[in-house]
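The values are calculated or read from the model by the stated rules, or taken from the named source; none is laboratory data. What you see is a predicted model, and the numbers here were worked out from it, not measured in a lab. Don't worry about glycine lacking a Cβ; one is built from the backbone with ideal geometry, like all the others, and counts go over all protein chains shown.
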């Protein structure tokens, strides 16, 4: 058997199925989008078997892009789970043949409740299609399965129709990357758009801080006890005057025989780069990395330039930015 040839055949069958459904897309799809967009309820996606698995994915995609959606197993629906359905809801039913016993079993109750029904179905004359308010033609000429039985091309078509529905609704709702991040706080995008310096910085007793006239010996005690890789230096008005890092100490040792009697002011980096707590963490990361010499720690100040904390590059990297 030519394995690659067989694989290409599967892909070509599914591609052809998508081309067909793309050409069949008409005003009914637009009506389905408008119905969902104007609904004050939720979207309930349902289907049996492989169609049910696709229904779960469509529900997840809708939910993550601003449309409240849930999956309903039709068999469970027949035994009490129809309690989640209200008159304001929209049902999207997925079925290749449109004659699934479990799916058809919940339709009468759904209609009595008052919810509207959209079907993605492969047979426009099926019982499901005839019971639906809007029918989206999801028919395929054949499955990609060599024996034309396993749902393959048909489930791909249903999945892509669900993606198209979610994408159009996303645009209609004016859904932005920040909105997406709110629903994905654990993902990289969510962290980039939501995490702020205030979420990661070290404050209070964790913040290493000394005055300008502090001897280096005392400064070293403060620096090593807090283990932040740097010390914020403040003036008599308690405003940021500079910072001393491990690098500053090494440079001081290269130019002085004995640095212990020196004051913090004599070896600190004056007017250091600083940030405020409300800055996005990803912006702080870019500020620290995109420089000729990478910055390992940053002073964090308020709007009066008073020190409120310290941020380490290590903290930004560790959180997955």
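Limited to the range 130-156, what total is found for residues that are in a helix (DSSP H, G or I) and crowded, with 20+ Cβ neighbours inside 10 Å?
The total comes to 4.
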- [ ] Give the residues of the range 226-258 that are surrounded by 15 or more Cβ atoms within 10 Å (Cβ to Cβ), part of a loop (DSSP other than H, G, I, E, B) and modelled with pLDDT of 90 or more, sorted by residue number.
- [x] 228
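Here's the yes/no breakdown for (1) modelled with pLDDT under 95; (2) within 29 Å of residue 150 (Cα to Cα):
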residue: 28; (1), (2): no, yes
residue: 38; (1), (2): no, no
residue: 43; (1), (2): no, yes
residue: 53; (1), (2): no, yes
residue: 74; (1), (2): no, yes
residue: 79; (1), (2): yes, yes
residue: 107; (1), (2): no, yes
Open item on the list: Pull out all pairs, ordered by first then second residue, where Cβ-Cβ is under 6 Å, the residues are six or more apart or on different chains, the first lies in the range 110-124 and is touching a residue at least 40 places away in the same chain (Cβ under 8 Å), and the second is part of a strand (DSSP E or B).
Closed with: 115/91; 116/90; 118/92; 118/134; 120/94; 120/136
Task: Positions within the range 205-235 being without any contact (Cβ under 8 Å) to a residue 24 or more places away in the chain and at positive phi, in sequence order - done: 227
Open item on the list: With the structure loaded, tell me whether residue 83 is free of Cβ contacts under 8 Å to residues at least 12 places away in the same chain and in a helix (DSSP H, G or I) or whether it fails that test.
Closed with: yes
TODO: Check whether at least one residue in the range 37-52 is assigned by TED's automatic domain parsing to the domain that holds residue 156, part of a helix (DSSP H, G or I), free of Cβ contacts under 8 Å to residues at least 40 places away in the same chain and surrounded by fewer than 15 Cβ atoms within 10 Å (Cβ to Cβ), and report yes or no.
DONE: yes
- [ ] Evaluate the following for residue 24: is it surrounded by fewer than 17 Cβ atoms within 10 Å (Cβ to Cβ) and at pLDDT below 95?
- [x] yes
Task: Condition broken by residue 277, with the remaining ones in (1) touching a residue at least 24 places away in the same chain (Cβ under 8 Å); (2) closer than 26 Å to residue 196 by Cα; (3) out of contact with any helix residue (DSSP H, G or I) (no Cβ under 7 Å at 6 or more places or on another chain) satisfied - done: (3)
Task: Residues satisfying the stated conditions in the range 266-286, i.e. in contact with a strand residue (DSSP E or B) (Cβ under 7 Å, 6 or more places away or on another chain) and surrounded by 14 or more Cβ atoms within 10 Å (Cβ to Cβ) - done: 267, 268, 269, 272, 274, 275, 276, 277, 279, 280, 281, 284
Open item on the list: Criterion first (more than 30 Å from residue 195 (Cβ to Cβ) and outside any helix (DSSP H, G or I)) does residue 108 satisfy it?
Closed with: no
Task: Test result for residue 231, over 45 Å from the mean Cα position of the chain (by Cα) and within 27 Å of residue 315 (Cα to Cα) - done: no
TODO: Quickly run through the range 1-35 and pick out the residues that are outside any helix (DSSP H, G or I) and within 30 Å of the chain's Cα centre (by Cα).
DONE: 25
- [ ] Being in a helix (DSSP H, G or I), over 22 Å from residue 306 (Cβ atoms) and in contact with a strand residue (DSSP E or B) (Cβ under 9 Å, 6 or more places away or on another chain) is the filter here, so list the residues in the range 206-219 that pass it.
- [x] 216
- [ ] Give the residue, chosen from 115, 87, that is under 33 Å from the mean Cα position of the chain (by Cα), surrounded by fewer than 16 Cβ atoms within 10 Å (Cβ to Cβ), at pLDDT 95 or above and more than 19 Å from residue 57 (Cβ to Cβ).
- [x] 87
